[in-house]
Number of protein chains: 4
Amino acid sequence: MNTYGQLYKITTFGESHGTGIGGVIDGIPAGIKVDMEFIQSELNRRRPGQSTITTSRNEADKVEILSGVFEGMTTGCPIGFVVRNSDQHSQDYENMRCLYRPSHADFTYQQKYGLRDHRGGGRSSARITISRCVAGAFAKLVLNQLGIHIYAFTSQVGNIALDCDYSKYDLTKTESNVVRCPDAEKAAQMEALIKEVKADGDTIGGTVTCIIKGCPVGLGEPEFGKLHQMLGSAMLSINAAKGFDYGKGFNGLAERGSQQNDLYKQGGRLGATITNNSGGIQGGISNGEDIYFRVAFKPVATQLREQPTIDLEGNPTTLKAKGRHDPCVLPRAVPIVEAMAAITILDCYMLYNSRNNFPDMI
Amino acid sequence: MNTYGQLYKITTFGESHGTGIGGVIDGIPAGIKVDMEFIQSELNRRRPGQSTITTSRNEADKVEILSGVFEGMTTGCPIGFVVRNSDQHSQDYENMRCLYRPSHADFTYQQKYGLRDHRGGGRSSARITISRCVAGAFAKLVLNQLGIHIYAFTSQVGNIALDCDYSKYDLTKTESNVVRCPDAEKAAQMEALIKEVKADGDTIGGTVTCIIKGCPVGLGEPEFGKLHQMLGSAMLSINAAKGFDYGKGFNGLAERGSQQNDLYKQGGRLGATITNNSGGIQGGISNGEDIYFRVAFKPVATQLREQPTIDLEGNPTTLKAKGRHDPCVLPRAVPIVEAMAAITILDCYMLYNSRNNFPDMI
Amino acid sequence: MNTYGQLYKITTFGESHGTGIGGVIDGIPAGIKVDMEFIQSELNRRRPGQSTITTSRNEADKVEILSGVFEGMTTGCPIGFVVRNSDQHSQDYENMRCLYRPSHADFTYQQKYGLRDHRGGGRSSARITISRCVAGAFAKLVLNQLGIHIYAFTSQVGNIALDCDYSKYDLTKTESNVVRCPDAEKAAQMEALIKEVKADGDTIGGTVTCIIKGCPVGLGEPEFGKLHQMLGSAMLSINAAKGFDYGKGFNGLAERGSQQNDLYKQGGRLGATITNNSGGIQGGISNGEDIYFRVAFKPVATQLREQPTIDLEGNPTTLKAKGRHDPCVLPRAVPIVEAMAAITILDCYMLYNSRNNFPDMI
Amino acid sequence: MNTYGQLYKITTFGESHGTGIGGVIDGIPAGIKVDMEFIQSELNRRRPGQSTITTSRNEADKVEILSGVFEGMTTGCPIGFVVRNSDQHSQDYENMRCLYRPSHADFTYQQKYGLRDHRGGGRSSARITISRCVAGAFAKLVLNQLGIHIYAFTSQVGNIALDCDYSKYDLTKTESNVVRCPDAEKAAQMEALIKEVKADGDTIGGTVTCIIKGCPVGLGEPEFGKLHQMLGSAMLSINAAKGFDYGKGFNGLAERGSQQNDLYKQGGRLGATITNNSGGIQGGISNGEDIYFRVAFKPVATQLREQPTIDLEGNPTTLKAKGRHDPCVLPRAVPIVEAMAAITILDCYMLYNSRNNFPDMI
C-alpha cells in the first residue's frame, strides 16, 4: 500500500504538516558510491519556491540518511531517510478541518478512515513525493553505471503542446527554463499561460513526456509484469495524474496497422527498427529502442478564488484557499516522473537479472 | 509475473498452440453460487469466430473447473481451470519460426529467453486472455452480490468516436451489435470501417470505455495502491493496450481547474458531486460516483498483406500472414476490459474490507 | 495464500477427491531441458501404494504438462500442470460429511468457510503435496546445473533415531529401503515399529533430516528473508509438520557458546569451518558449508480404530476410519521435504542473482 | 527482504552504530488510540542495561513517531518512526574491521555484499529488533481491542527447563524477575546459571515459549499461509533463533496418534477440545484453543574470552570481545517474540477479515 517495487523497493511515510517525510529504500545493490550532492540536487528540482510559477512554500527539504550507507558506499542494507518539515503554516488550513474541498481527497479520506489530518492535505499532499525523489536519485546512481539515462520534460500546458516527435528537441535544455520544457519558444508561451492562469486564481494541467535511453533488450515480463504496465502503474501513482500512454498511444488511434508497424532496419543492431511507434516495448518487453511515454496531469484542485463547497455534514459553505499552492504542477512533476521511471526500470532490471547469468554464478 | 492481484488473485498459464490455457483463482470468498452458464457466456463473448469482423479461428473454448467448487458452491479453496486448445492450425505458423514479425513480440521473446514458441505468437497471443475472462466472471458473481456492476463498450474505432458523456447512451445496448458499441449508428459506421480495413488486409485500433457503478466510497489505497493506478495497471496488462486515462484524462488538458473541479451537490448522498470530471476517484479512493476510464488499443500488428521484415540473423525477407486474425481487437477487447476491471475492483474491495468491521469480528 | 516463492513461484490447486491436483510454476529460467522421466519419478516417490507401510490408495499420479515447455525445453513461460484423481473411493468418506474428525482440519475449515468438501479431507489432504513434488522436480533440474544437491531422509520414527552427525551415513542409500533411512539397521527397526503401530490401528510420527550440498556463499537475505526462515516457512507449510530446527537447533540447548561456535579452518576455502553447528547459515546467509535441518511430523490423526468425536452440532458420536491411510507419514514426507527445499533454494538463488553481475549485463 | 507481513506490514532499517534504527508500519487500521507510554514501555523491555545479566550498553531507546498519528489517533497512514543510536562505543569494534568473528555474520555479509559495516555487527546486530518491538506494540494496541492477548516467557536456559504444561504457571509473574520466567524457583536457577556462564566469559542459549489467548476460530490460510507457518517464519527471523515448534512439536515424537489426538469436549464452545496437543491450530487454521509454540535460541556467539579466528585473507589471528554483550539472549528475546507474534496474528486477522462480512459492507 505504501510500498512500491518488487526487488528495488521504496516504502514511504509522511504528511504535509507532520514531523517529516521519509521512507526506506530496500534492495539497492551494495557498493554504489553515494553522491549526496546529486541526491540533494534531485530533491531541489522538486522543492517548492523555485520560481514565480511554483508555490511559495519555502523549505530546504534537506534529506538525512539514517542507515544503509557506510563510508560513502551503499552496504546492501535498507536506506532509511527523512526530510523534516519546517515552513508549514498549519494555521492556514484550520478552516479545512470542517469542510471538504472540491476535487480534493478530503471527503474520501474522511469516509475511508473516519478521521483525517486536514493540514495541507495530510498524506494526500504532493509534498509526499519527496520520498520518491530520494529513491529515484539512488536508482539513477545505479542506472548510470548501467548506461541507462532518463529524460523527462513538460510537453504540454493547457493546449500549448510540443510535437510528438521528441527527436526534434535537445533534451539537455530542459532545465534551462522554469517550465522544464526543452523548446525555449514553447516554454515561454507555457510560462505566460501559467502566469495568466495564476493571476486569475485558477490552475491548469498538461503532460510530461519521458524518454528512457540505453535500456537493454529484455526488460519487462509477459502477462502481468509488462514493462509499460509497470511504468503506467508507477506514473498513475503520482498525485494529480489522470492518464498514461506510451509510443503512439492515444495519438495513434486514427492510424492503420500498416502505418504503425515498426519495420526492422537492415544492418546495424539486430532488431533495430526504422520507426518507433511502439515506444521501445513489444509484447511488454523492451526492444532496445528508446522507451517513451506521456503522463497527463489535471489542473490543481486548489483555487485561490472563492468556490462553493460543503461542510462535514453536507451544509453549503464557501472556500477560498489561503495556503501556498502551485498554479500548475507540471514543472515540479518532471523530476517526480523521472524518479518513478528510474525506480521502475531498476526494479525491472533486477527482475530480469534474477534469471540471467546462471552458469556464471558458480 | 503471471499472477495478478493481492487478495483476489489470478495466476495464468498457456500458449496459443500449446495443450491448453488456464489458471488458478485464489482468494475467492466461500459460499458463492457458481453459475457455470454465466461463466461460459462470458468466455463466449471473447471467443473467436463470433462474427465476420473477428478472426475465423473457431474454438468452443469450453472451460473445465478442476477444483475449488463443491456441490455448486465455491469452497474458499483455489479454483483451477483449463480450456483446451483445439483448432490450432500450427502449420500456418511454420514460416514464423525463422523470422521476426514487425511490431510483434517475436524478437523480444527470442532475445529475452533465447528460444520461443513461434506458433500463433505463443504466450504473447491474445488467446491467453481466456484466463482473465474466467477469473473476471467469478469476480462478477461476487460483485453482483455487492451491487457493483461493470459496463464496457467500444467507444472509438479509428476516428469514429462516441461522445465522452456516456450518460447519453443506453449501456444495455452494447451487446446488440457485433462492434459492442451502445450507439447503433456509430456502431454501423465502425463496422463498415473495420470491413473496409479488413478488405485491405490492414488493421485498425480504437478505445474501450468502461463504467463501474455501485462502488462504495473508500476503495483504493493512498500512495501506491490508488484505485486508478490499480485499474490502469490491469488495463495496460491487456494485449495491444497503449494507453489509459480516467475521468477527463487526456481530453481535459485544455481545461482550467475552475472548470474541472467537481462541486458538491446540496442534499442527497453526502459527498455526491454535480459533475464527475474526476471519474469517481479522489486521491486514489472511490468517492461513490461512477468510476469511468478509457483504454487505447493499437491496430493489430499482423497484416494479411505483404510486409518486409528480417529473419533470425537479420537478413531481409518478406511476410504475409496466413493465420486467422482480427482486423480490429476492439469488439473482443470489451469483455476482457470488463474482466480485468472486475478482478481489480473485487481485489480492492477485499483490501478495504480487511481493515473494516473490526469490532464486529469478536 | 496458495502461492509460494518470490521469483521461483508455485501456485497450487486441488482437493483429494476433486477432478485433479495441479498448479502453475512461474519464474523458471528458459532453456532448461525438461526430463519428464525424472519429474515423473519424483512424483512416484510420494505416490501412495508404494509398500506395505504406506496407504493402499493406488493411483498412477501421472502428470500432464499443459504449457511452458516447447520442444523439450522450458520457454520461461509459466508451466501449468495437472494430475487427475482416479482411485478416490469417495463413498468411504460419506460418514464424514456430518462429523468432525479429531485433530483433523474438518472443524476449522467448516468454521472458516461455512462449508467444506468432506471427501478425503478435501484441500487439507496430503494428496495436494503432489503439486509441490512437480515444482520441486523442475527446481532440481535447475539446481543440478548449478551443482546444488539435496538429500532428505527419515531420521527418526517414534523414539528410534539416527545420530545427529549425518556424516556417518551414506546418503545415497536412502532409497534402498521403504522407510527412506540411510542406515539399514535403524531402517529395519523403524519399519518394524510402523508395522506394529499399524497392526494396532494406530499411527506414529518422527523427523525428516535434509542436507543441501553445493550452495554458494550468499543465499538468504538479512532481517526478513533469512535463509533458515525461508526453509522453515517452507517446511512448516507441509501437512502434519510440527517443528523445524537447523544446525544444532533444539539439540544444542545445553551447550555453551564456546562449544557451539564454529571456528575457521586455516587454509582451504576462505571461510570454511572446522565444525558446522550453525547448519551452514550465519546471520541468515549461507556460508558455503552444508546446510542441514530437521522437520518434525506428528502421528497421522486418522485412526483405524474407534474414537469418540462430535457431529456438526456437537453431539457425541464415534468414528472408525474406512479410507486408506498411512500409519506414518515419514517415508512419503521425504520427497516432499526435498521438493520444498529445492523450490526455496532456487528462489533464494534467483533473489541473490538479481543483485549480482551488474557490470556484466551491459 | 526488509518488509514483513501482507496487510499489517513492517519495513525496517538501521544498523547497530549508524544514525538510528527505525521503520515504517503500514496497514494499521485508523482510529486506534496511540498509547505512547505503553509503546515506550514495550521498547524498555528489550533495551540493554536492564539488569546484571544483560549487556551494559546503556541507551534510552526513545522512539520518535514521524507520521501516521494525528491528535493521538492512528490515521490509517503509514507510521514512520526512529530511535537514534547514542551510546555506541564504535572504537570497541575497530579491530573487527579486519577479521571475521566465529559464528557471526561477518564473513557472510562481506562475501554477499563485498563490504560491511563492522561496527557492532552492523545490520546483523540484535539492536535492529527495536523496530519489531515498536511495530509489535502498535499491533498489541489493536489486538487488545479484539480480546487477543500474548504471553511469552523464558522456558529454558541451558538444561534448566520449565514443564511443557504451561497451565501450571501464573503468566502474569513473568516480569517479576530478570530472567522473565513465571516460575520463581526455576528463574533463580536460570539467573545463577547465566551469572556462572558470564563469569567464564562464555554464553548460553535456551527457549522462549509463547501463548496466544483469545484468537477466534479461522485465522490462517491452508496450503502456504498456515498459521503455524506464519508464526514459525516470524520467529525464525529473530536473531539467534535456531528452531521453532508448536503444540507437542519435537517433544511429542515418541507418542502415538491415539495419545496425541485432541478429542472434542461434550458441551461448551462447539469444537472445544479436552487436550490441546495441536497447539490451537488444525490444518493451519486456529481452532479457538490457546495457541502455543517454542522458539530455540543459540548461545550468543560473542565470547569475552580469547578465541582463535581468521582475518580477511584467512590468516590466523585471535579475538577477545571488548564490546558490551549479553551472556544469554533469552530475557531480552521475550518481548521480541511477543512483538513478532502480535504482528503475525494481526496480519492473519486482517487477511481473515478481508473475506468476511461481505453482505454487511453495502
Cut-off 18 Å, label 7 Å out along Cα→Cβ of D:LYS322, residues of segment D:52-93 by amide N: D:56-58, D:87-93
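Just tell me how shielded D:142-149 is by partners: mean number of partner chain Cβ atoms within 10 Å of each residue's Cβ, no decimals. Display every interim value, and only then the final one.
On the way: counts 1, 0, 0, 3, 4, 2, 1, 0.
Partner-chain Cβ atoms within 10 Å, mean over residues of D:142-149: 1.
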task: Scan around C:ILE285 for amide H atoms under 5 Å from its own, H built in the peptide plane at 1.01 Å from N, and keep only partners 5 or more places away or cross-chain.
output: C:LEU227
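Mind checking B:303-309 for the average number of partner chain beta-carbons within 10 Å of each residue's beta-carbon?
Working: counts 4, 1, 2, 0, 5, 4, 3.
Mean number of neighbouring Cβ atoms from other chains: 3.
Probe of 1.4 angstrom, ligands and nucleic acids ignored: what's the accessible area per residue over segment A:215-362, in square angstrom? Please list the in-between numbers first.
Details: 3940 Å² over 148 residues.
I get 27 Å² per residue for segment A:215-362.
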query: Separation of segment A:117-132 and segment D:155-197 by C-alpha centroid, Å?
result: 49 Å
message: Checking buried surface per residue: for segment B:182-217, which residues lose a minimum of 30 Å² accessible area in the protein assembly relative to the chain alone (1.4 Å probe)?
response: B:ASP202, B:ILE204, B:VAL217
statement: Counting other chain Cβ atoms within 10 Å of each Cβ in C:95-104 and taking the mean gives 4
- prompt: Between D:ALA184 and D:ASP290, what is the FRET efficiency for a Förster distance of 22 Å, r being their Cβ-Cβ separation, to the nearest 0.05?
  reply: 0.45
query: What is the calculated FRET efficiency for C:ASN144 to C:ASP200, with r their C-beta to C-beta distance and R₀ = 51 Å, to the nearest 0.05?
result: 0.75
statement: Cα-only Rg/Rh for the protein assembly as shown with Kirkwood Rh rounds to 0.95
task: Between beta-carbons, use under 11 Å as the cut-off and find the net charge around C:LEU162, counting Lys and Arg +1, Asp and Glu -1.
output: -1
message: Looking at chain B as a GNM with Cα springs under 10 Å, which of B:ASP61, B:ASP87, B:ASP183 has the largest mean-square fluctuation?
response: B:ASP87
task: Compute from the Cα atoms of segment C:46-193 the Rg and the Dmax, the latter being the longest Cα-Cα distance, and quote both in angstrom.
output: 19.4, 51
statement: For segment B:68-84, Karplus-derived ³J(HN,Hα) couplings (6.51, -1.76, 1.60; θ = phi - 60°; whole Hz; x for glycine and proline) come out as x, 10, 9, 6, x, 10, 5, 9, x, 8, x, 9, x, 8, 8, 10, 6
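Which length gain, in nm to one decimal place, applies between C:GLU64 and C:SER167 when the Cα-Cα distance is subtracted from 0.36 nm times their residue separation? Don't jump to the answer; show the numbers that get you there.
Details: separation 103, 0.36 × 103 = 37.08 nm, distance 3.82 nm.
Roughly 33.3 nm would be gained on extension.
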message: Along the Cα→Cβ direction, 7 angstrom out, place labels at C:SER90 and C:MET36. What is the inter-label distance in nm?
response: 2.9 nm
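Probe radius 1.4 Å, ligands and nucleic acids left out: can you give me the accessible area buried at the A-B interface, summed over both chains, in Å² to the nearest hundred?
Details: alone 17310 and 17320 Å², together 26580 Å².
The buried area between A and B, both sides summed, comes to about 8000 Å².
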query: GNM on chain A, C-alpha springs below 10 Å: top fluctuator among A:PHE107, A:PHE13, A:PHE224?
result: A:PHE224
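If you roll a 1.4 angstrom probe over the protein chains with everything in place, what fraction of the accessible area of the protein assembly as shown belongs to carbon and sulfur, to the nearest %?
49 percent
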- request: Run the dipole for the protein assembly as shown about the Cα centre, Lys and Arg Cβ at +1, Asp and Glu Cβ at -1, nothing else charged, and hand back the magnitude in debye, nearest 20.
  value: 0 debye
- prompt: What residue among A:GLN88, A:GLN307, A:GLN111 shows peak mean-square fluctuation when chain A is described by a Gaussian network model with Cα springs under 10 Å?
  reply: A:GLN111
- prompt: In C, who owns the beta-carbon nearest the axis carrying C over to D, and how many Å from it?
  reply: C:SER233, 2
statement: Expected vector for segment D:306-320, Karplus 3J(HN,Hα) from phi with 6.51, -1.76, 1.60 and θ = phi - 60°, integer Hz, x for Gly and Pro, equals 5, 10, x, 7, 10, 8, 4, 9, x, 6, x, 7, 10, 8, 9
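Counting only heavy atoms of the protein chains, get the accessible area per residue of segment B:83-189 (1.4 Å probe) and round it to a whole Å² value.
Heavy-atom accessible area per residue stands at 35 Å².
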Inter-part distance where segment D:34-103 and segment B:283-351 are each reduced to a Cα centre, Å: 51 Å
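Taking 8 Å as the Cα distance limit and 6 or more residues as the minimum spacing, I'd like the relative contact order of segment D:32-90 as a percentage. Intermediate values should be presented prior to the final figure.
Details: 70 pairs, mean separation 18.4, N = 59.
Worked out over segment D:32-90, it gives 31 percent.
Based solely on its DSSP helices, what 222 nm [θ] is calculated for chain C when runs of n ≥ 4 H residues each add -39,500 (n - 2.57) and the sum is averaged over all residues, nearest 500 deg cm²/dmol? Provide the component values of the computation, followed by the final result.
On the way: 7 runs with 91 residues, N = 362.
Calculated mean residue ellipticity at 222 nm is -8000 deg cm²/dmol.
Which number comes out as Rg/Rh for chain C once both Rg and the Kirkwood Rh are worked out on C-alpha atoms? Can you show the working numbers first?
Details: Rg = 21.2 Å, Rh = 21.6 Å.
Ratio of gyration radius to Kirkwood radius for chain C: 0.98.
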message: Classify segment C:115-181 from the C-alpha gyration tensor, please: rounded if a/c falls under 1.5, else prolate or oblate depending on whether a/b exceeds b/c.
response: oblate
statement: Expressed as a whole-number percentage, the relative contact order of segment C:60-190 with C-alpha contacts under 8 angstrom and at least six residues apart is 12 percent
- prompt: Any idea what the C:HIS149 label distances to the other copies are, label 7 Å down the Cα→Cβ vector, nm, shortest first?
  reply: 5.1, 5.5, 6.5
task: Would you kindly derive the ³J(HN,Hα) couplings of segment A:289-295 from the backbone phi angles with the Karplus curve 6.51 cos²θ - 1.76 cosθ + 1.60 (θ = phi - 60°), listing them in order in whole Hz, with x for Gly and Pro?
output: 7, 4, 8, 9, 7, 10, 10
- line: Expressed in angstrom, Rg and Dmax over the Cα atoms of segment B:204-275 are 14.9, 46
query: Loop-only check: which trypsin sites (Lys or Arg not before Pro) in segment C:241-331 are DSSP coil with at most 13 other Cβ within 10 angstrom?
result: C:ARG269, C:ARG305, C:LYS320
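The values are calculated or read from the model by the stated rules, or taken from the named source; none is laboratory data. Note that the coordinates shown come from a computational prediction; the quantities given were computed from them, not determined experimentally. Counting neighbours? That spans all protein chains shown, and the Cβs are built from the backbone with ideal geometry, glycine included. Note: areas computed on protein heavy atoms with side chains; ligands, DNA, RNA excluded. Shrake-Rupley method; radii C 1.70, N 1.55, O 1.52, S 1.80 Å.
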